[in-house]
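Nothing in this text is a laboratory measurement; each read-out follows from the coordinates by a stated rule. Treat the numbers as computed from the prediction; the structure is a model and nothing was measured. Please note: Cβ atoms are built from the backbone with ideal geometry, for glycine as well, and neighbour counts cover all protein chains shown.
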Amino acid sequence: MPLVIEGRKLYRIGEALASASLSRATYFRWLKLGRLKDTQYKDRNGRRVFTEEELSDLKREAQKLVEAPQIPLTFG
């Protein structure tokens, strides 16, 4: 259930990651790699909260197909 703070609808990190079917470890790895931008807001305890736009971006990134590299196998 989203929070409403100062008129903005915000989602806690657990809700956002569950909605995107993404693990916490993967989310933080993607942040570190620069695949995602960090959230714009944090709650008073320093926890990330996602705007609806950030949640949409997260879902879109999580649903992207990435082509596996084609490495020729050699047996020898």
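Taking Lys and Arg as +1 and Asp and Glu as -1, the other residues whose beta-carbon sits under 13 Å from that of residue 18 total +2.
For the chain, excluding the exposed loop sites themselves (trypsin sites (Lys or Arg not before Pro), DSSP loop, at most 15 other Cβ atoms within 10 Å), the longest remaining stretch covers 1-34. Relative to the longest principal axis of the Cα atoms of the chain, the long axis of helix 24-33 makes an angle of roughly 80 degrees. Here the chain is assigned +1 on the Cβ of each Lys and Arg and -1 on the Cβ of each Asp and Glu. Its dipole about the Cα centre then comes out at about 260 debye.
Summed over all non-identical Cα pairs, the Kirkwood treatment of the chain gives a radius of 14.0 Å. Short-range pairs are left out: with C-alpha atoms under 8 Å and at least six residues apart, the relative contact order of the chain is 31 percent. Calculated FRET efficiency, residue 52 to residue 13, Cβ-Cβ distance, R0 = 22 Å: about 0.90 to the nearest 0.05.
Counting only alpha carbon atoms, the long axis of helix 52-62 and the longest principal axis of the chain meet at about 10°. Fully extending the segment from residue 66 to residue 3 would add 19.4 nm, taking 0.36 nm per residue of separation and subtracting the current Cα-Cα distance.
Taking the chain, which chymotrypsin sites (Phe, Trp or Tyr not before Pro) meet the DSSP loop condition and have no more than 11 other C-beta atoms within 10 Å?
Loop-located and lightly packed - 75.
When the helices of the chain are scored as -39500 (n - 2.57) per DSSP H run of n ≥ 4 and the total is divided over every residue, the value at 222 nm lands at -10500 deg cm²/dmol. Mind listing which GluC sites (Glu not before Pro) in the chain are in a DSSP loop and have 13 or fewer other Cβ atoms within 10 Å? Filter output for the chain: 6, 67.
Among residues other than residue 35 with Cβ under 10 Å from its Cβ, the summed charge is +3 (Lys and Arg +1, Asp and Glu -1).
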